[in-house]
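Okay, structure first, notes after.
We did not get these values from a lab; they are worked out from the coordinates using the rules stated. On a predicted model such as this, the values are computed, not experimentally measured, just so you know. Here Cβ is always computed from backbone atoms with ideal geometry, including for glycine, and neighbour counts include all displayed protein chains.
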Amino acid sequence: MAAQEPPRPPPGSAEPLEPEPGGRYEAVVPHWFYCKVTDTRERWVPFSAQDSERLEAAHGAGKEQAGVVVPTSGGRYDVHLRERRRVAVYWEEEAAEVRRCTWFYKGDKDNKFIPYSEAFSEELEEAYMIAVTLGEWKKKLESPNREVIILHNPKLMVHYHPVASSDDWVSTPTEQGRPRTVKRGVENIAVEIPNGEPLLPCSHPKLCVTVSTGVSE
């Protein structure tokens, strides 16, 4: 007598297939921010969509950035690209730091996401690219402040503070404590980005600067 075949599982009950290793990597889209200081408190504010595009175009022009000045906010502020400084044109105001932002973090006590430095963001992006391409996650990186960032998967990335070791009282990277949230790309953080406004006529010498060369017209 022939042996009976084992019963087949009902439709839809089969175990899900494991995802194939590797995936398609798409480069992150940068957005430019400036740091506004009020009563010693720092707040990173996004440039308008138009201003950010102008800054990115000047950044990617492939020429020396020394002397390149990009008018923003309708011409009321100039951004000195190489120095990463935003300067008021018509009145006295302390210059603001400017940053080309791609990666952000936010703690429990932070109201808004804060951009990482440009240099460390490049390290994070490289690690992310490798993880996506090879399908190898749970990547650990150490920040310049000896803090630990872990890329668990594209949707879960966290940032841990260092804690003091009881043995030598030296801060060492650990995974203890409540982590900060890490996000990649401005589209993944809650921030309002205005469309922008047209530049004023060239009634002021600083407004008549060619973005790509920094030469006055």
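What is the sum of charges, Lys and Arg at +1 and Asp and Glu at -1, for the other residues whose Cβ falls under 14 Å from the Cβ of Ser48? Present the calculation step by step, with values, prior to reporting the outcome.
Details: positive: Arg54, Arg76, Arg86; negative: Asp51, Glu53, Glu56, Glu192, Glu197.
Here the charged neighbours net out to -2.
By the scheme Lys and Arg +1, Asp and Glu -1, what is the net charge of all other residues having a beta-carbon under 11 Å from that of Gly196?
-2
Among the listed pairs Lys138/Lys183; Lys109/Lys139; Lys109/Lys138, which have their C-alpha atoms separated by more than 24 angstrom in this model? Could you put the intermediate results ahead of the total?
Working: Lys138/Lys183 15 Å; Lys109/Lys139 26 Å; Lys109/Lys138 26 Å.
Over 24 Å apart, Cα to Cα: Lys109/Lys139; Lys109/Lys138.
With point charges of +1 on the Cβ of Lys and Arg and -1 on the Cβ of Asp and Glu, referenced to the Cα centre of region 27-101, which listed residue (Val28, Val98, Gly67) lies farthest in the positive direction of the dipole?
The one lying farthest along the dipole's positive direction is Val28.
What is the sum of charges, Lys and Arg at +1 and Asp and Glu at -1, for the other residues whose Cβ falls under 14 Å from the Cβ of Asp108?
For residues surrounding Asp108, the net value is +4.
Which chymotrypsin sites (Phe, Trp or Tyr not before Pro) in region 108-137 pass both tests, a DSSP loop state and at most 13 other beta-carbon atoms within 10 Å?
Passing sites in region 108-137 do not exist.
Could you size up the charge dipole of region 46-169 around its Cα centre, putting +1 on the beta carbon of Lys and Arg and -1 on that of Asp and Glu, and report it in debye to the nearest 20?
The dipole magnitude comes to about 340 debye.
Which trypsin sites (Lys or Arg not before Pro) in region 111-167 sit in a loop by DSSP (not H, G, I, E or B) and have at most 10 other Cβ atoms within 10 Å of their own Cβ?
Lys138, Lys155
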